[in-house]
1. Do you know the relative contact order of the chain, to the nearest whole percent, from alpha carbon pairs under 8 angstrom that are 6+ apart?
2. May I ask what percent, to the nearest 5, of DSSP beta bridges between residues of the chain are antiparallel?
3. Quick test of the membrane-span-like rule: which DSSP H helices of the chain reach at least 15 Å along their long axis (C-alpha atoms) with mean Kyte hydropathy at least 0.5?
4. So what are the ³J(HN,Hα) numbers for the range 172-188, from phi and the Karplus equation (6.51, -1.76, 1.60; θ = phi - 60°), rounded to whole Hz, Gly and Pro as x?
5. Would you mind classifying the range 91-137 by shape? Square roots of the alpha carbon gyration tensor eigenvalues, ordered a ≥ b ≥ c; an a/c under 1.5 is rounded, otherwise it is prolate if a/b is larger than b/c and oblate if not.
6. Length gain on complete extension for the stretch D273 to Y249, per 0.36 nm per residue less the alpha carbon to alpha carbon distance?
7. Kindly give the semi-axes, whole Å and largest first, of the ellipsoid equivalent to the range 96-222, taking each as the square root of 5 times a Cα gyration tensor eigenvalue.
8. Give me the compactness ratio for the chain, meaning the Cα radius of gyration over 2.2 N^0.38 Å.
Amino acid sequence: MDTEVAVALLRTMWRIRRFEERVAQLKRNLQVHGLIHLSVGGEGVAAAVCGQLRDDDAVYSGHRAHGHAIAKGAPLNTMMAELMGRETGLCRGLGGSMHLVDAEHGFMGATGVVGGNLPLALGSALTSHLTRTDQVTVVFFGDGAVQAGHFNETINLAALWRLPLIFVCENNGFAEFTSRDEHSTIERVSDVVAPYGFERTTVSGSDVPAVYEAFGEYLRAARSGSGPFLLECLTYRRRGHYEGDQQKYRDPEAEEEWRERDPIARLTESHVDDEAATAIEREAAAEIEEAVRFARDSPFPDPAITAGLVYAA
Ligand SMILES: Cc1ncc(C[n+]2csc(CCOP(=O)(O)OP(=O)(O)O)c2C)c(N)n1
Ligand SMILES: [Mg+2]
């Protein structure tokens, strides 16, 4: 990976990290509302995947969506305004963390329905296939979503119709508070889809160049009409399942192990000099403070608008 790409990915990762750490603080101060799921420790996957996509490629995310949206190009100001419930937010402050959408940048949405994004992404890829465009669809999901019935339905049709769809599983070993070995006998998600016969692989989500390379290869193939593909990234969430989680299930040894595998620290060490990395981090922190200022200066939406948004004319 050349330095220019590494610097761009590091910038995205710092934006995500500083954004989410700030959101955690705002949540504690009751300035951000609703359930908040953070991806601290897993930013490398969002950066390496979305950093290679075009605006007109579609990304579907789930409940842990901030990183995917930021990496796909959603502006920090309107993201923060959305989380703080302001009219200037991506969805006029009415959606919040689990309902972010930025169609302009191809971020087609977060969802609180685990695995609910899978059939939507299938429809998006089917559209590209039928209309013969070279757009690619990417769907992010966790290891927990694999146990949902519609995971199998989606995989089956994507494989059968050979759709330009790339499944990116962020396997953090947990579904809420339940470890993977307590809800499945199959350790690797890439093994779950083996019988369907399409290409799949598992990489460390902390190894940003490895994610970049594996995804890049699938992306080039999908762009020229092949598919589907599945990329499983082994990650770790350094915070609780949601902000406020007591985390009684946490293993301190694993925590320490993964702290050392932090994707930001690893990419900095291998590809970016310390001075440049510090400047990138500071710039990201300043951008986040600007986003908070933007949100605070924005009004809350007028409750009267909700009636007009419930029914379609
Ligand atoms: C259909 C559905 N079932 C159950 C839930 C409750 N729930 C929220 S997150 C979650 C676990 C998801 O685990 P995973 O897909 O691995 O994502 P992670 O939280 O680890 O990123 C569950 C079961 C839900 N939101 N939607
Ligand atoms: Mg999980």
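1. 25
2. The antiparallel proportion sits near 10 percent.
3. The answer, listed by residue number, is 117-130.
4. Values per residue, Gly and Pro as x: 9, x, 9, 10, 6, 10, 10, 6, 4, 5, 8, 10, 7, 8, 9, 6, 9 Hz.
5. Oblate, because a/c is 1.5 or more while a/b does not exceed b/c.
6. That works out to 4.9 nm of additional length.
7. Ellipsoid semi-axes (Å, largest first): 22, 18, 16.
8. 0.96
Computed from the coordinates by the stated procedures, all read-outs in this text should not be read as laboratory data. As the structure is a computational prediction, the values presented were derived from the model and not from experiment. No Cβ is skipped: glycine too gets one built from the backbone with ideal geometry, and neighbour counts run over all protein chains shown.
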